[in-house]
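*Asks:* I have a structure here, written as structure tokens, and I will follow up with some questions on it.
What follows draws every value from the coordinates through simple rules; no lab data is involved. Source: prediction; values computed, not measured. Reconstructed Cβ throughout: ideal geometry from the backbone, glycine too, with neighbour counts over all protein chains shown.
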Amino acid sequence: MKRHSLALLVLALGSALVYSGGAGKAGSTPSLEGSYKIVSGKHGTADMPAKDIEGAVVTITKDKISGVTKDRKEFFSCSYKIDTGKSPMVIHMTSIAPKKGENADGLIEVKEDRVLLIYAVPEEGGKTPTDFKTEKGQNMVVLQRLTEKM
């Protein structure tokens, strides 16, 4: 379950963080490229256990999002696309690993050095979210930009 929760969390987070445009306006938000820690998360309506996300780092590049555990073992990577013309912004993620080609759609909100991401969990039959309240088959994570190397 721990690996499953982390993979789902990173799928959402990773995809969301690669964004480098602004909410509706290109360039109005600083680049999201960099490293983030997972501050909190929800799987359905339950909080993700702190032990499952503690020490995990999500790295976002121009075209990829990846996550590593506190032991620095990669548990997820994906490519992504963000529609900045919608509010909230819409994100479409495609898994590279562990399940290549799996898609997840959701919403992303960027506020300074924090990112809020909510998305449907395909293997659980989740519906694409329309707001930032989780229900069965959805995950939501809060990411905080790291200011120093971990």
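*Asks:* Name the long-range amide H neighbours of GLN138: under 5 Å, sequence gap of 5 or more, or other chain; modelled H, no Pro or chain starts.
*Replies:* So GLN138 has HN proximity to GLY44, VAL121.
*Asks:* Residue-wise, which Karplus ³J(HN,Hα) couplings in Hz belong to segment 76-84, taking 6.51 cos²θ - 1.76 cosθ + 1.60, θ = phi - 60°, and x for glycine or proline?
*Replies:* 6, 7, 7, 9, 7, 9, 10, 8, 7
*Asks:* At ALA97 and LYS73, where each label point lies 7 Å from the Cα along Cα→Cβ, what is the point-to-point distance in nanometres?
*Replies:* 1.2
*Asks:* How many nm is it between the label spots at ALA46 and LYS86, if each spot is 7 Å from the Cα in line with the beta carbon?
*Replies:* 2.9
*Asks:* Place a point 7 Å from the Cα of GLU135 along the Cα-to-Cβ direction; which residues of segment 46-63 have their backbone N under 20 Å from it?
*Replies:* Counting only backbone N, you get 46-48.
*Asks:* If amide H atoms are built 1.01 Å from N in the plane of the peptide, which residues on other chains or at least 5 residues away come under 5 Å of the amide H of LEU146?
*Replies:* Here the answer is SER35, TYR36, LYS37, since their amide H atoms fall under 5 Å of that of LEU146.
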